[in-house]
Amino acid sequence: MFDEIFYSECLHCSAVVKYRESICKGCFYKIKKVIHRCKLCGYPLNIEAEVCRNCLESNYYDKLFIPFWYTTVIKDVLKKIKFRYNLKGYRLIDELVRKNLMKMDRYDVITYVPSTLIRRFRRFVHPAEYIATILSDIYMTTCEPLLKRVRNTSYQWKLKKKERLKNVSEAFIPRKELFDLKILLVDDIITTGATLNECAKMLKGAGAKKVDCYVLSKGLF
Ligand SMILES: [Zn+2]
Ligand SMILES: [Zn+2]
């Protein structure tokens, strides 16, 4: 009854929606899901191809699980929760993660790409950490910060490919020994995969047996 009396606004286009809904139906259908993926690692591909460019070189991560493209509603909601408290945004991300689960392994621990100090200070919630806690709840697996950012990096999308690799190199260190653990590393957005690869390299260096990554969206840069 509550839902029928009270109305609210769509997070993306401001259309009228039911009280508990985050976005309208029109915007819901604008969310672009990933359809084609690299057969080896799961990296989202724009076109129907077998293998991604990263797999021709070598990755430290094992499998990638990425359900959406970073466009329209996804782009908007991630920006909104990054800079201010946004209940609808949190609710929408929670719903999108839960309703679009992929067949993943069981992990010993779930962790996330840490944010920079300045970025952490400005935000209410670090999106990667928020997504990691949702997955931790779904799979009943502990979520723990395993990496520490030791150097601030520029936003990856502002850089060219070679600069991206240099930008993230040695930006993270492991917080402890991870002997033989299977880890799920979480982030909100992936550009080329350089950040995840660097994080996975550090986790494996600390002893991790397997590092799969769950990232909510793939940027089209
Ligand atoms: Zn809308
Ligand atoms: Zn690949």
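Look at region 14-35: where a residue is outside the structural domain of Lys75 (by TED's automatic domain parsing) and a partner is more than 16 Å from ligand 2 (Cβ to nearest atom) and among the basic types (Lys, Arg), sitting 6+ places away or on another chain with Cβ atoms under 6 Å, you get Ser22/Lys88; Ser22/Arg91. When Val125, Val97 are screened for being touching a residue at least 12 places away in the same chain (Cβ under 8 Å), part of a helix (DSSP H, G or I) and touching a helix residue (DSSP H, G or I) at 6+ places or on another chain (Cβ under 9 Å), only Val97 passes. The test for being modelled with pLDDT of 95 or more and exposed (fewer than 15 other Cβ atoms within 10 Å of the Cβ) holds for Asn100.
Taking Cys38, is it in the same structural domain as Leu196 (by TED's automatic domain parsing) and modelled with pLDDT of 95 or more?
Working: in the same structural domain as Leu196 (by TED's automatic domain parsing): yes; modelled with pLDDT of 95 or more: yes.
So Cys38 passes the test.
Cys199 passes every criterion in (1) assigned to a helix (DSSP H, G or I); (2) farther than 30 Å from Leu87 by Cα; (3) open to solvent by less than 40 Å² (accessible area, probe 1.4 Å) apart from (2). Taking the criterion of being open to solvent by 80 Å² or more (accessible area, probe 1.4 Å) and of a type in the set (Ser, Thr, Tyr), the only residue of region 123-175 that qualifies is Thr142. Within the bounds of region 113-129, is there any residue that is within 19 Å of Cys10 (Cα to Cα) and among the β-branched types (Val, Ile, Thr)? Within region 113-129 (the criterion being within 19 Å of Cys10 (Cα to Cα) and among the β-branched types (Val, Ile, Thr)), the answer is no, since none of the residues qualifies.
Could you tell me whether region 161-168 includes any residue that is part of a helix (DSSP H, G or I), in the same structural domain as Pro67 (by TED's automatic domain parsing), of a type in the set (S, T, N, Q) and touching a Ser or Thr at 6+ places or on another chain (Cβ under 8 Å)?
yes
The values are calculated or read from the model by the stated rules, or taken from the named source; none is laboratory data. For clarity, every value in this text was computed on a predicted model and none was experimentally measured. Here Cβ is always computed from backbone atoms with ideal geometry, including for glycine, and neighbour counts include all displayed protein chains. Remember, those area values only see protein heavy atoms, side chains included, never the ligands or the DNA or RNA. Shrake-Rupley method; radii C 1.70, N 1.55, O 1.52, S 1.80 Å.
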